[in-house]
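Accompanying notes for the structure given below.
The values are calculated or read from the model by the stated rules, or taken from the named source; none is laboratory data. The shown structure was predicted, so the numbers you read here are calculated from the model rather than taken from an experiment. Positions of Cβ are backbone-derived with ideal geometry, glycine not excepted, and every protein chain shown enters the neighbour counts. The area values use the complete protein model at the heavy-atom level, side chains included, leaving out ligands, DNA and RNA. Shrake-Rupley method; radii C 1.70, N 1.55, O 1.52, S 1.80 Å.
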Amino acid sequence: MAKKVLIIEDDNNIAELLRLYLEKDGFVVTIAENGAVGLEKFQQVKPDLILLDIMMPVLDGWGVCREVRAVSNVPIIMLTAKGETIDKVSGLEMGADVYIVKPFEVGELMARVHAVMRRFDSNNGPENKRLTFDNLVIDMDSFELLVNGKRVDAPPKEMELLFHLASSPNRVYTRNQLLDEVWGFDYFGDSRTVDVHVKRLREKLENVSDKWSLKTVWGVGYKFELYNEM
């Protein structure tokens, strides 16, 4: 079945260009001209991916992302003319999976679309993916993170990153390895992306257990450390 993409973009020229390329690759495309309409279309269409502009009338991309993340883990690629680091960090912290600065090459965008879809599909496949530790359950079948028995909201990429680290306890991963293995080899981001996601995970996992931790290995990268195996 063809995957559905929702484009929420107030620049009609950009929206139609994206529609052209996406439909050529077999996607079913819906366009919304502002954030408010985008939320309505999101409920109606139930897309497999959202391409989301930030600077829009009525309701901006930040607001849309916040509303979508309250009810769904659908992948979100943010499109914006804002290129400052703080804007990228804000988008990632809010739950976006990828942040692309305008102007962008359509070929690069399409590579990211396919990479995000591959990653999301692989994590929703038939294989059971559930890890259990002291006061922590990472369930990739239901995309649920349980901390002290309570569900904690986490965007898909945070779940994927934590699952990847916890699948090989005490193994140290460099930031570039994590970009390759979690975001995909054709991801065009930088190591700051990994740092942002680790920071958000730590906020959710702080003081949960004295038997494991999400640890920084200075000058190298990160690991999920099990103290009882040391």
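Observations
- For the range 57-73, 3J(HN,Hα) computed residue by residue from phi via the Karplus equation (6.51, -1.76, 1.60; θ = phi - 60°) reads x, 6, 9, 7, x, 4, x, 5, 4, 4, 5, 5, 5, 5, 10, 8, 9 Hz, glycine and proline entered as x.
- With the convex hull drawn over the C-alpha atoms of the range 1-80, the volume per residue is 75 Å³.
- Distance between the pseudo-spin-label points of T174 and V71 (7 Å out from Cα toward the beta carbon): 4.4 nm.
- Dipole size of the chain about its Cα centre, with +1 on Lys/Arg Cβ and -1 on Asp/Glu Cβ: approximately 480 debye, rounded to the nearest 20.
- Bridges between two residues of the chain, per DSSP, are antiparallel at a rate of about 55%.
- Residue-span extension gain [M110 to F133] - 0.36 nm each, minus C-alpha spacing: 4.5 nm
- At R0 = 25 Å, FRET efficiency that the Cβ-Cβ distance of D141 and K46 yields, to 0.05: 0.80
- For the chain, the longest site-free run once GluC sites (Glu not before Pro) in DSSP loop states with at most 13 other Cβ atoms within 10 Å are removed: 1-83
- Here each label is just a point 7 Å from Cα along the line to Cβ, and for R151 and W218 those points are 4.0 nm apart.
- Solvent-accessible area per residue in the chain equals 48 Å², computed with a 1.4 angstrom probe and all protein chains kept.
- Potential lengthening between S191 and D121 on full extension [0.36 nm per residue; Cα-Cα distance subtracted]: 22.8 nm
- Dimensions in Å of the range 43-83 - Rg and Dmax from alpha carbons: 10.3, 32
- Under 5 Å, built H, 5+ apart or other chain: amide partners of M56: G61
- Table column - 3J(HN,Hα) (Hz), the range 14-28, Karplus curve with 6.51, -1.76, 1.60, x for Gly and Pro: 5, 4, 6, 5, 5, 4, 4, 6, 5, 5, 4, 8, x, 7, 9
- Alpha-carbon radius of gyration plus Dmax, which is the widest Cα pair, for the chain in Å: 17.9, 57
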